[in-house]
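Worksheet: the structure to be examined is printed underneath.
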Amino acid sequence: MNSTTSRPSARRRTLAAAAVAAFATGPALLTAPAAHATGGEGRASAVVLRTDLDVALLNKAVHVPLTATLNEVRAPASARRTALTVTLDGVEQGRPVSVLKADVATAQATADGRRAEGRTELARAKVHVPGLPLLSLIELEKVTARALCEAGGQPVAEANVPGRVTVLGKRVTLTAGGPTKVEVPGVGEVTLTLSGTRTTSRTAAATALALTVSVNPLKANVADVTGTITLAEATCESPKAPTAPAAAKPADVRPQTAGEPPEANLAETGGSSLTPYLAGGSLALLAGGAGALALTRRARAARTRG
């Protein structure tokens, strides 16, 4: 009798515990994974000198492109260059042409996840073009350009030409109101544009000096030199702002009072994401109760027969 009664009691406890465990562990599957913030590095560039010229020889049947850059650097990887001269070969009857000579010629670009910056400085510099070996196209004391882009901030672009400028041997006063044209009879003309800057919500660019060149020296087998020259240029692009972490979506669960039937709650809300777990737990509890009732009836029948 005692052993018969204890076995059904133990089974009832086991079934009830299994039902509670099924109900408790089901909703844990609704937990959302944590989201991580992400961002990106900015970009920056700087260059001391850039030329895009066309050199026509005396017969004008041959055109030699004259493209050159000095100290051009780009980031994300930090970079810095300080070369002071750039020379081109094969234009003046095979002799090299020193396009730029300077005491200071520095270009630097840095970028990371917080800021990007390009800087250029050129000081005590002379620029030459083919056909004018003794006359400088332009001489200047100093020019600088800077572009700074910080995450979440307004980009900044600055360019300055604080010292004297001499073009084709003539002293020039530059103005920010528009281009300055210098003409020399028998030599040619140069148009200078001072301190160009541009900014957007995430980018900045600065050019200290831009030259449009058209000279016809008729020397050293050179008929015409035309094109553009850029001095001291810097650009940047802001790092992308990190995205905000995504919040975990809460489970759609409504508390019920003791007198509120589960059917009414489901009808009102249209069910929820917990419905399968609630149903599973209820079925387990019903199965446990049915098993316990069957065991009790068998025990009573056994006592009656006894």
Just to be sure, is residue 223 open to solvent by less than 40 Å² (accessible area, probe 1.4 Å), closer than 20 Å to residue 120 by Cβ and at pLDDT below 95? no
Matching entry among 164, 198 (being touching a Lys or Arg at 6+ places or on another chain (Cβ under 8 Å) and not β-branched (Val, Ile, Thr)): 164
Of all residues in the range 145-161 being in contact with a strand residue (DSSP E or B) (Cβ under 6 Å, 6 or more places away or on another chain) and either modelled with pLDDT under 90 or part of a loop (DSSP other than H, G, I, E, B) (or both), the one that is nearest to residue 114 (Cα to Cα): 155
List the number of the failed condition for residue 130; all other conditions in (1) part of a strand (DSSP E or B); (2) farther than 30 Å from residue 40 by Cβ; (3) touching a residue at least 40 places away in the same chain (Cβ under 8 Å); (4) touching an Asp or Glu at 6+ places or on another chain (Cβ under 7 Å) hold. (1)
Restricting the search to the range 57-84, which residues are exposed (fewer than 15 other Cβ atoms within 10 Å of the Cβ), of a type in the set (Val, Ile, Thr) and at pLDDT below 85? 62
Positions within the range 154-173 being more than 36 Å from the chain's Cα centre (by Cα) and either β-branched (Val, Ile, Thr) or surrounded by fewer than 16 Cβ atoms within 10 Å (Cβ to Cβ) (or both), in sequence order: 164, 165, 166, 167, 169, 170, 171, 172, 173
Scan the range 166-212 for residues that are in a strand (DSSP E or B) and of a type in the set (S, T, N, Q) and jot them down. 166, 180, 191, 193, 195, 197, 199, 203, 207, 212
Would you check if residue 215 is open to solvent by less than 30 Å² (accessible area, probe 1.4 Å) and in contact (Cβ under 8 Å) with a residue 12 or more places away in the chain? yes
Among the numbered conditions (1) farther than 15 Å from residue 213 by Cα; (2) open to solvent by 30 Å² or more (accessible area, probe 1.4 Å); (3) modelled with pLDDT of 85 or more, tell me where residue 125 comes up short. (2)
Lone qualifier among 87, 82, 67 - being touching an Asp or Glu at 6+ places or on another chain (Cβ under 9 Å) and hydroxyl-bearing (Ser, Thr, Tyr): 67
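The values are calculated or read from the model by the stated rules, or taken from the named source; none is laboratory data. From a predicted model like this one, the values you see are computed outputs, not experimental measurements. Here the Cβ is made from the backbone with ideal geometry for all residues, glycine too, and neighbour counts use every protein chain on show. Note: areas computed on protein heavy atoms with side chains; ligands, DNA, RNA excluded. Shrake-Rupley method; radii C 1.70, N 1.55, O 1.52, S 1.80 Å.
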